[in-house]
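Okay, structure first, notes after.
The values are calculated or read from the model by the stated rules, or taken from the named source; none is laboratory data. This one's a predicted model, so the numbers in the text were calculated from it and none came from an experiment. All Cβ positions, glycine included, derive from the backbone under ideal geometry; neighbour counts span all protein chains shown.
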Amino acid sequence: MKSLFLKSTVVLALFLLSSASETFTSLNLITSKPSDDFQGQAYYISKAKMELGRWGARLSEAQKKQVAARLKNRLEKEYILTFNKEEALFYEDEKLDAMSGATDSWGKNFAPGKQYKNVKTNSQIQSQEFYGKKFLVKDELQKIEWKLGKESKQIGNYMCFKATASIPTSELAWYDFSWSRLNNGNTDTEANGENADEAKENTVPMTDVEAWYSPQIPVGHGPLEYWGLPGLILEVSAGNTTMLCTKIVMNPEEKLEIIAPDKGKEVTKVEYQETIVEKMKEFRNNRMGRRRG
């Protein structure tokens, strides 16, 4: 059951084209007075689709609806991206949880925390909390080799262009966890010599990414790990994951603050992943020990 909960935290449903069209009809540019200090805010929405696997096949439709209702606060998320020409701060708008009174302490261990990106210094700082311990993950921005396409489409009032990339799945969601990491933890180290790099390359799961960016907003920012395009990313799909921008506010009257997180034990992305894996190994071994006892 818990593996199901972990899986559901990272699986976002693709909107139907018709519903996506309705969403973006309201995506209009909201501007205030012109400003030399270029800045803005973009609001994103994501919805998750449960993948119940073999366990779900045994459930009735009524039971599936009950599970979905219990996980609603995990399956529906809203995010805010505050940005200027060089910096961006991305975080979850938790008002949905506050309104429903729902808590999801397990899922929060594997959710993305407040994320600061600086495209000028190629740096990223992200706050994460794992089992009550705070971490400050400092690293370089995710390397993405975008392929710019010629396809275009209108999203609200913005002309957007398509870009694609392929990114190692583990690097894309480094703050998350999969039980397969424990099952396959020694796979890469079993290869020797010249075959080691080749074996690793052949076994690394990759995620195909499709992004739609608008040069009308000339910043290289986007939600989550995505960045580096010649315009703000308004829509991004990765596998069966889609995140949509629903509103943009440019140069508001009140100056927006972009402050990087600064609390927690400093680690890199790789070190944070290792911490999660070791903790989950301990968790699994303790459960197995209780069963044997």
Task: Scope the stretch 230-247; condition over 13 Å from the mean Cα position of the chain (by Cα) and surrounded by fewer than 24 Cβ atoms within 10 Å (Cβ to Cβ); matching residues - done: PRO230, GLY231, THR246, LYS247
Task: Pick from the stretch 131-154, criterion acidic (Asp, Glu) and more than 18 Å from ALA173 (Cβ to Cβ), ranking: surrounded by the most Cβ atoms within 10 Å (Cβ to Cβ) - done: GLU151
Task: Which numbered condition GLY101 misses (of (1) at pLDDT 95 or above; (2) exposed (fewer than 15 other Cβ atoms within 10 Å of the Cβ); (3) of a type outside the set (S, T, N, Q)) - done: (1)
- [ ] Just give me the residues in the stretch 132-147 being touching a residue at least 60 places away in the same chain (Cβ under 8 Å), assigned to a strand (DSSP E or B) and either closer than 30 Å to VAL249 by Cβ or small (Gly, Ala, Ser) (or both), in sequence order.
- [x] LEU136, VAL137, LYS138, ASP139
Open item on the list: Just checking, does the stretch 203-212 include any residue being out of contact with any Gly (no Cβ under 6 Å at 6 or more places or on another chain), surrounded by 15 or more Cβ atoms within 10 Å (Cβ to Cβ) and modelled with pLDDT under 95?
Closed with: no
Task: Single match in GLN128, GLN124 (criterion: free of Cβ contacts under 8 Å to residues at least 60 places away in the same chain, surrounded by 15 or more Cβ atoms within 10 Å (Cβ to Cβ) and in contact with a strand residue (DSSP E or B) (Cβ under 9 Å, 6 or more places away or on another chain)) - done: GLN124
TODO: Could you pull out the residue among LYS279, LYS247 that is in contact with a strand residue (DSSP E or B) (Cβ under 9 Å, 6 or more places away or on another chain) and part of a helix (DSSP H, G or I)?
DONE: LYS279
TODO: Could you please give the count of residues in the stretch 145-202 that are modelled with pLDDT of 90 or more and more than 30 Å from THR246 (Cα to Cα)?
DONE: 0
